[in-house]
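Single-structure report; data block below.
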Amino acid sequence: MTPPDQPHSGRRRADGGTRRARPPGASGARHAARPTGAPAKSTGTAGGRPAQRSRGRGGFTRTAPGSRAGTARPVGARSAPAPRPRRTRRPVQINSRRRVRGILVITLAVFSLFAVQLVRIQGLDAAAVAAEALDQRNRTEVLPALRGQVVDSEGVVLAQSIERRTVTVDQTAIPEFVQRVDGVRTKTGVWGAAQELAPLLGMSDTRLRDELIGTARYKIIAKNVTVPTWRRISALGIPGVYSERTAERDYPQSTTAASLVGWVYADGRAGGGVESMVDEVLAGSNGSAKYETSPSGRIIPNGRQVLEEAVDGRTVQLTINSAIQWYAQNSLARGISRVGGESGTVVVQHARTGELLAVASYPSYDPNDLSSVKGSLDNLAFSQIFEPGSTNKIVTMAAALQEGVVTPDQPVVVPNRLPRADRSFKDSSDHPTWYLTATGVLAKSSNIGTILIGEQLEPEVLEKYFRDFGMGAMSGVDFPNESPGLVTPADQMSGSQRFTVMYGQGMSGTAIQNSMAYQVIANDGVRVQPSLIKSVETDDGVMMPAEPPESRRVVDADVAQQVMAMLEGAVSDEGSAPQAAIPGYRVAGKTGTADRYDDRLGRYSGKTASFIGIAPADDPQIIVSVFVQKPSILFYGGLVAAPIFKDVMTYALAELAIPPTGAEPVEQVIELDEPPARSDQRVLGSEYLP
């Protein structure tokens, strides 16, 4: 170590050499050697002789005078300074113990972190971590419930669900596919999988390869695959290829009962008709299957598996007779096509029970292919409202008979025009003054005669009967999108409306409501709520009959029978619809030809042609209601709707094996041979007598 009283002799240069230290007092310039003889500065040593310095080990040391380390010089003489020996840097000594301690501390810190994490995983968060790991291995497959069947009254299937499979892939697992090629197990991956799957899925190899290549853990490659086809796919053992159970809704009757049975969307939601009406019964409850899979996508045989079975929907049996439904639908389509109509309905109802045997609606569609739909998906018999016209005259007639203001043979003088309120009323065609009976008024469908009878009742009384017969309210079937129709309260009717409602104008209803009115007459005055559901399957698989429909008396039995006899006159040669007569059977019925209000145009446009009939008239069993909207070639109910009625009623009677009664019809007095006497107090419209 350099003595404290000695200046440092030199500094290490950047290039590894040393640089001489500047003498004391020297400036920043390099110090030059003194010339010989220059006085030397005393060092302050003993004897006046300067001590010599020599570089020793580990630094500089002083030497005594006269030693060999220095050269003697005369006293007082100044000699040039001896060249300073070069100084070398002491090598850095590293403490190995400190380094070991540092490494040990770092190692302990790392292991401490591992220990903390291990405690967290195995102790504090053990359950959560295990659950997360299990979740990564688990695969869940939804097991959709099959919707219940919809069948007709004889068990014929109208709607059913067929099991199908949706094929999915885990693209990351497909490359591990191994096949045996020439007896050797070879990894063929995506190419091999595509070649095996393509013919089964009806796809090309190239297109399927594009579907299999990628990193997606879930991708759908095919839908609506049949169960046998999926079994063949599963037998290939391709890793990452799975299937999901789905169902395809099938409607074997196609267009026959489309709008009645309804449809189901692709995602399984009910779309309308019976499918929507009893969806909670048909839908069932989905199940699920959970199982563990390996990284390659294969199911682990001994892994944890949880299966929750799906609960399939239950069967619903309708009151519909599929044979009558099929015939009614086709007859309606032909009839509308014949007269260039826009739409129409046919309702076939059991007279005693109120059961709906057929509810045809045109135009129709194929529920198996909703892309074929061009019009409304609703069943028009429930949703379409219109002014019924003359078919509604039976309500006015029944009310008058029940209230005792008229009798079937009561004379009615019917002029060509009848002024009432703010307008002059007329019949469908001009005619001379008619001398009819009340029966004749109904048979000839006279608007004027109906007004003369109906005005004998207070407006509030007539409104009550309209509602009692089922107009202006829901039918009770609970069919989707059903309309209640419209009956204006008596105190809100206009002057002329009070008279137009008597013959079915100025009020509106559905085909179902109009059929209900005739059911009252056919059932001896008792109205039975129409029904569409016959029975529902219980959880035990037993078909449980539906609750009996509500019923109530509207008019007396003898009044209903009187109206029935009057309706037979309408089908006679003297009536408005001889085209509705069926050989061998007694038929009662009524035509209707009403002005049709078009909501799209906001005004009246076209006609509603209708006919509602009952057979056999002497033992009522079946009611058939026919409505054709906006016919363009013909428009009278007797010419447009009566032929369709005859066609459908004839088929229904045969299908249900209802024989003719063989009874002769009761002779009805429709038109008087001569004008009634003025003195006859029963005459209605006597002011028009000559």
- Filtered residue count, the stretch 455-501, keeping only those that are in a loop (DSSP other than H, G, I, E, B), closer than 29 Å to ASP378 by Cα and of a type outside the set (Val, Ile, Thr): 17
- Message: Condition (residue is hydroxyl-bearing (Ser, Thr, Tyr), in contact with a Leu (Cβ under 6 Å, 6 or more places away or on another chain) and under 30 Å from GLY273 (Cβ atoms)) applied to the stretch 221-239: is it met by at least one residue?
- Response: no
- Note on the structure: Checked ALA283, ALA270, ALA266 against criteria (closer than 25 Å to VAL167 by Cα, touching a Ser or Thr at 6+ places or on another chain (Cβ under 6 Å) and among the small types (Gly, Ala, Ser)); the one match is ALA270
- Would you point out the residue of the stretch 309-323, among those that are among the β-branched types (Val, Ile, Thr) and within 21 Å of the chain's Cα centre (by Cα), that is surrounded by the most Cβ atoms within 10 Å (Cβ to Cβ)? VAL316
- Query: Out of all the residues in the stretch 142-177, which are open to solvent by 50 Å² or more (accessible area, probe 1.4 Å), of a type in the set (A, V, I, L, M, F, W, C) and in contact with a strand residue (DSSP E or B) (Cβ under 8 Å, 6 or more places away or on another chain)?
  - Reply: VAL142, ILE162
- Scope the stretch 361-377; condition among the polar types (S, T, N, Q), open to solvent by 50 Å² or more (accessible area, probe 1.4 Å) and either at pLDDT below 85 or over 18 Å from the mean Cα position of the chain (by Cα) (or both); matching residues: SER371, SER376
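For residues that are part of a strand (DSSP E or B) and closer than 17 Å to VAL274 by Cα, scanning just the stretch 519-542, find the one that is most open to solvent (accessible area, probe 1.4 Å).
Once the filter is applied, the top-ranked residue is LYS534.
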- Does VAL278 count as surrounded by fewer than 17 Cβ atoms within 10 Å (Cβ to Cβ), out of contact with any helix residue (DSSP H, G or I) (no Cβ under 8 Å at 6 or more places or on another chain) and of a type in the set (Val, Ile, Thr)? no
- Item | When residues of the stretch 625-679 are limited to those that are β-branched (Val, Ile, Thr) and either free of Cβ contacts under 8 Å to residues at least 24 places away in the same chain or assigned to a loop (DSSP other than H, G, I, E, B) (or both), the one surrounded by the fewest Cβ atoms within 10 Å (Cβ to Cβ) | ILE633
- Query: Hey, among VAL461, VAL441, VAL412, which residue is of a type in the set (A, V, I, L, M, F, W, C), more than 55 Å from the chain's Cα centre (by Cα) and either farther than 22 Å from ILE612 by Cα or open to solvent by less than 50 Å² (accessible area, probe 1.4 Å) (or both)?
  - Reply: VAL412
- Note on the structure: Restricting the stretch 516-546 to residues that are acidic (Asp, Glu) and within 38 Å of the chain's Cα centre (by Cα), the one modelled with the highest pLDDT turns out to be GLU537
- Message: With the structure loaded, tell me whether GLY506 is assigned to a loop (DSSP other than H, G, I, E, B), open to solvent by less than 40 Å² (accessible area, probe 1.4 Å) and on the phi > 0 side of the Ramachandran plot or whether it fails that test.
- Response: yes
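Got a sec? Which of GLN579, GLN513 is at pLDDT below 95, closer than 22 Å to VAL348 by Cβ, outside any loop (DSSP other than H, G, I, E, B) and not hydroxyl-bearing (Ser, Thr, Tyr)? Reasoning before the result, please.
Details: GLN513 fails: at pLDDT below 95.
On inspection, the qualifying residue turns out to be GLN579.
Restricting to the stretch 378-409, count the residues that are under 25 Å from VAL526 (Cβ atoms) and either assigned to a helix (DSSP H, G or I) or open to solvent by less than 10 Å² (accessible area, probe 1.4 Å) (or both).
Total satisfying the criteria: 17.
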- VAL555 vs (1) in a loop (DSSP other than H, G, I, E, B); (2) out of contact with any strand residue (DSSP E or B) (no Cβ under 8 Å at 6 or more places or on another chain); (3) open to solvent by 10 Å² or more (accessible area, probe 1.4 Å): all pass except (3)
- Which one of the conditions (1) touching a strand residue (DSSP E or B) at 6+ places or on another chain (Cβ under 9 Å); (2) crowded, with 17+ Cβ neighbours inside 10 Å; (3) closer than 30 Å to LYS534 by Cα does SER243 fail to meet, given that it meets all the rest? (3)
- Item | Conditions (1) touching a Phe, Trp or Tyr at 6+ places or on another chain (Cβ under 9 Å); (2) in contact (Cβ under 8 Å) with a residue 60 or more places away in the chain; (3) of a type in the set (Ser, Thr, Tyr); number of the one not met by THR172 | (1)
- Item | Unmet requirement for MET564, which otherwise passes all of (1) surrounded by fewer than 24 Cβ atoms within 10 Å (Cβ to Cβ); (2) assigned to a loop (DSSP other than H, G, I, E, B) | (2)
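The values are calculated or read from the model by the stated rules, or taken from the named source; none is laboratory data. Predicted, not measured: the structure shown is a model, and the values here were computed from it. Cβ coordinates were reconstructed from backbone atoms using ideal geometry, including for glycine residues, and neighbour counts include every protein chain displayed. These accessible areas exclude ligands, DNA and RNA; they are computed on the full protein's heavy atoms, side chains included. Shrake-Rupley method; radii C 1.70, N 1.55, O 1.52, S 1.80 Å.
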